[in-house]
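The values are calculated or read from the model by the stated rules, or taken from the named source; none is laboratory data. Fair warning: this is a prediction, and the values are worked out from it, not measured in the lab. When we count neighbours, we look across all protein chains shown, and the Cβ atoms used for this are built from the backbone with ideal geometry, even at glycine.
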Amino acid sequence: MTDRTVSILCVLWAILAIILVVDIAHAEPRPIHEGIHEGIHGPFAQAVRGTQTQIIAPPTPPTTMPPSSPPIDGDCASWKPLLAKYGMPYELFQPVMYRESRCTNARNYNPRTRDDSYGPLQVNRYGSLDAGWNSVGISRSYMATPEGAVHAASMLYHSCGSLGPWTRPYSCKKWLF
């Protein structure tokens with residue numbers, strides 16, 4: 001299933017839960033045997049003791065989404081779940097990803113420009129930056145993966161508190177290392 005399909009199903013599940021809970025809450029109390037004979041079952045059930053009605057709440061939908069498929073190179077929207085996982089607003093980062101890599105998990109190595117950048121947001125680890133990234137647990141091989149590249153970018157974003165590393169004059173309030 002796609003992330004969009006899962007999101008739609010979660011919304012429909014929530015709407016159904018609200019409708020059924022409201023319907024049950026407004027039901028007249030009745031002897032328990034009537035509910036059984038009418039076929040009330042599943043996650044929404046009414047338990048009646050005397051004239052007092054109890055509503056058993058529906059199960060909470062899962063808070064974690066099922067694992068999504070890896071991002072597709074060139075498809076910016078396919079990076080959205082990974083950005084969300086690391087607390088990076090897609091609307092803010094989509095133009096940056098497009099400018100930096102055309103939304104691909106690219107690697108740009110160019111010693112002449114002091115560049116060894118990874119991922120859709122082109123996080124640089126040239127020269128002494130390599131040791132810095134290693135010191136915070138981001139190895140070269142991990143950064144070469146879509147997950148690692150976005151994880152590293154999120155560390156920059158959250159540390160800097162802005163898009164400073166991706167916009168001129170490429171500054172940051174507090175660098176990671």
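On inspection, Gly132 does not qualify as over 23 Å from Asp75 (Cα atoms), in a loop (DSSP other than H, G, I, E, B) and either among the charged types (D, E, K, R) or in the same structural domain as Tyr86 (by TED's automatic domain parsing) (or both).
In region 135-177, how many residues are part of a helix (DSSP H, G or I) and among the small types (Gly, Ala, Ser)?
First, the residues of region 135-177 that are part of a helix (DSSP H, G or I): 135, 140-143, 146-160, 164-166.
The next check asks that each one be among the small types (Gly, Ala, Ser); those that pass are 135, 141, 148-149, 152-154, 159, 164.
Count: 9.
Do we have any residue at all in region 70-83 that's within 18 Å of Cys172 (Cα to Cα) and surrounded by fewer than 14 Cβ atoms within 10 Å (Cβ to Cβ)? For region 70-83, residues within 18 Å of Cys172 (Cα to Cα) and surrounded by fewer than 14 Cβ atoms within 10 Å (Cβ to Cβ): absent.
Looking at Ala77, Ala152 in this structure, which one is within 16 Å of Leu176 (Cα to Cα) and among the hydrophobic types (A, V, I, L, M, F, W, C)?
Numbers: Ala77 fails: within 16 Å of Leu176 (Cα to Cα).
Within the list Ala77, Ala152, the selection yields Ala152.
Scanning region 130-177 for residues being aromatic (Phe, Trp, Tyr) and within 17 Å of the chain's Cα centre (by Cα) gives a total of 1.
Could you check region 103-125 and list, in sequence order, the residues that are among the aliphatic types (A, V, I, L, M) and crowded, with 20+ Cβ neighbours inside 10 Å? Steps first, answer last, please.
First, the residues of region 103-125 that are among the aliphatic types (A, V, I, L, M): 106, 121, 123.
Within region 103-125, Leu121, Val123 meet the criteria.
In region 79-96, what count of residues is obtained for those that are of a type outside the set (A, V, I, L, M) and in a loop (DSSP other than H, G, I, E, B)?
Restricting attention to region 79-96, the residues satisfying the condition of being of a type outside the set (A, V, I, L, M) are 79-81, 85-87, 89-91, 93-95.
From what's left, in a loop (DSSP other than H, G, I, E, B): 86-87, 89.
Total meeting the criteria: 3.
Out of Tyr109, Tyr98, one residue alone is hydroxyl-bearing (Ser, Thr, Tyr), at pLDDT 95 or above and either outside the structural domain of Glu147 (by TED's automatic domain parsing) or touching a strand residue (DSSP E or B) at 6+ places or on another chain (Cβ under 8 Å) (or both). It is Tyr109.
With Ser171, Ser139, Ser128 as the choices, which residue is modelled with pLDDT of 95 or more, over 16 Å from Tyr86 (Cβ atoms) and surrounded by fewer than 15 Cβ atoms within 10 Å (Cβ to Cβ)?
Checking each option against the conditions leaves just Ser139.
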